[in-house]
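Engineer: Encoded as structure tokens, here's the structure I'll be asking about.
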Ligand code: HEM
């Protein structure tokens, strides 16, 4: 009896999803089950042995069935490119899983969860702000921010002689935070409050909302900031879009775009700086090479991006029709999760688990692939290159106060990271 009721409830859920209308509300989920969350668990900075084994044996793998949905895990490099590069076969509109119909509830918006043609229209507002020419204008500001934070690290060390300095609150977090504030045009007097809104995102231990990165008040803050700048456009991206395209975009959509930039750009870059520094300091030869040959930073950054792959899964893809991935049939109504750390270490297409700057290539998938590929990739590269190079120049004797095996890493977060990185400056 119970089993029949359950089966028919699951059938309803599946039909609701197939029609892409409301039926499931993941935001009500208190805990994401382990059968779904385990691919996010790592061994330090490396993907777990289980994830690597799944990739090597079955690069398109049925992860689980959950609430009547078949969830697929794609881990092969080629297969991941196939999914992310497909233009018409998948939707990333998550609203039908969040208890919203296709028309209502924009609070799960942002470019990542928007399909063409609306995605194409909104992305066009952003891309000019991320061209190399516009980014070159940001470069002096990035250098200033980096130098100021290096001073802060020295001040923290001087305040507690002999004690380690935590790199996360002094360097890894504030550098990308201040860069994004400048990029968006968030006024200086609002930044402290804004920084408190930037925590606890993307953590699946926070249930369904954390899983899709919908936690936090930054969106509300940026909606209010957009409304304010409508009458008084500031010097940053929000003001620029208002000046150039003000009558083509609503405050709601522009606030959502700004929040996408903020959430997409902060935790990712902060984690890359924290985990990247820990990796470099543990691999002393690599650190010394960076100190002696600062121009090697470009290749080192590419390899850190590839091997760390801090964004652990791309935006979920929902097949709009029955598809094949790497020859494996996947039905419409399923969910496809592409594991970027697994794909980026696929020995069939990359140097695998070895960090190999001499083989560095920009064709890794750390920024995704296809039309949802990270819009901020060049900004992230610029920030990371400036920040790692300046750190090595200022503190060549920098060392970890504890081995990387003893650091506290996030347990199961879509954006992987580390709580703190205690270091001695020299
Ligand atoms: C090291 C830092 C970063 C990493 C590893 C990263 C990674 C990614 C990945 C994997 C995607 C999704 C691709 C997909 O599902 O196909 C993405 C999308 C996105 N990222 Fe980044 N990102 C980083 C920094 C940034 C920065 C600095 C910004 C902006 C300032 C940014 C803004 C965005 C936006 C707006 C999207 C959505 C693009 C779309 O759907 O068209 N990201 N990023």
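Each reported figure results from applying straightforward, stated rules to the coordinates on display, with no laboratory input. Quantities reported herein were computed from a predicted structural model and do not represent experimental measurements. Here the Cβ positions follow ideal geometry from the backbone for every residue, glycine too, while neighbour counts run over all protein chains shown.
Engineer: Taking 0.36 nm per residue of sequence separation and subtracting the Cα-Cα distance, how much length would be gained by fully extending the chain between residue 147 and residue 159, in nm to one decimal?
Structural biologist: 2.5 nm
Engineer: Counting pairwise Cα distances across the stretch 252-329, what percent come out greater than 14 angstrom?
Structural biologist: 74
Engineer: Please report, for the Cα atoms of the stretch 137-183, the Rg to one decimal and the Dmax as a whole number; what are they, in angstrom?
Structural biologist: Rg, Dmax (Cα atoms, Å): 11.8, 39.
Engineer: Arranged by the count of other C-beta atoms within 10 angstrom, fewest first, what order do 52, 250 take?
Structural biologist: 250, 52
Engineer: Still on this structure, please answer the following. Mind jotting down the three principal axis lengths of the stretch 29-82 based on Cα atoms? Whole angstrom, largest first.
Structural biologist: 31, 28, 17
Engineer: So, in nm, how far is label residue 358 from label residue 31 when the simple model puts each one 7 Å beyond its Cα toward the Cβ?
Structural biologist: Placing both labels 7 Å along Cα→Cβ, they lie 4.9 nm apart.
Engineer: A further question follows. Give the order of 323, 310 when sorted by the count of other beta carbons within 10 angstrom, beginning with the fewest.
Structural biologist: 323, 310
Engineer: Can you give the Rg and Dmax of the stretch 348-426 based on its C-alpha atoms, in angstrom?
Structural biologist: Taking only Cα atoms of the stretch 348-426, I get Rg and Dmax of 15.7, 44 Å.
Engineer: Estimate the FRET efficiency between residue 420 and residue 295 by the formula 1/(1 + (r/R0)^6), using the beta-carbon distance for r and 30 Å for R0, to the nearest 0.05.
Structural biologist: Calculated value: 0.50.
Engineer: Using only helices, what value at 222 nm comes out for the chain when you add -39,500 (n - 2.57) per DSSP H run of length 4 or more and divide by the total residues, to the nearest 500 deg cm²/dmol?
Structural biologist: -14500 deg cm²/dmol, from helical runs alone.
Engineer: If you don't mind, another one. Obtain the radius of gyration and the Kirkwood radius of the stretch 385-425 from its C-alpha atoms and give Rg over Rh.
Structural biologist: We get a ratio of 1.06 for the stretch 385-425.
Engineer: Please state, to two decimals, what the Cα-based radius of gyration of the stretch 267-373 comes to when divided by 2.2 N^0.38 Å (N = residues).
Structural biologist: 1.26
Engineer: Full extension from residue 227 to residue 56: what is 0.36 nm times the residue separation minus their Cα-Cα distance, to one decimal in nm?
Structural biologist: Net length gain for the segment: 56.5 nm.
Engineer: Quickly work out the residue 193-to-residue 245 label distance, labels modelled 7 Å from Cα along the C-beta direction, and quote it in nm with one decimal.
Structural biologist: 2.8
Engineer: Report the Stokes-Einstein translational diffusion coefficient (µm² s⁻¹, integer) for the stretch 2-424, Rh taken as the Kirkwood radius over Cα pairs, at 10 °C with viscosity 1.306 mPa s.
Structural biologist: Estimated via Stokes-Einstein, D reaches 71 µm²/s.
Engineer: With a cut-off of 8 Å between alpha carbons and a minimum separation of six or more residues, what is the relative contact order of the chain in percent?
Structural biologist: 25
Engineer: Nearest 5 percent is fine: what portion of the DSSP beta bridges confined to the chain is antiparallel?
Structural biologist: Around 85 percent of the beta bridges assigned by DSSP in the chain are antiparallel ones.
Engineer: Hey, rough spin-label estimate for residue 393 and residue 348, points 7 angstrom out along Cα→Cβ, what's it come to in nanometres?
Structural biologist: Roughly 4.3 nm, to one decimal.
Engineer: Next question. For an R0 of 22 angstrom, estimate the FRET efficiency from the Cβ-Cβ distance between residue 65 and residue 321 and round to the nearest 0.05.
Structural biologist: 0.65
Engineer: Ranked by Cβ crowding within 10 angstrom, fewest neighbours first, how are 42, 121 ordered?
Structural biologist: If I rank by nearby Cβ atoms, fewest first, I get 121, 42.
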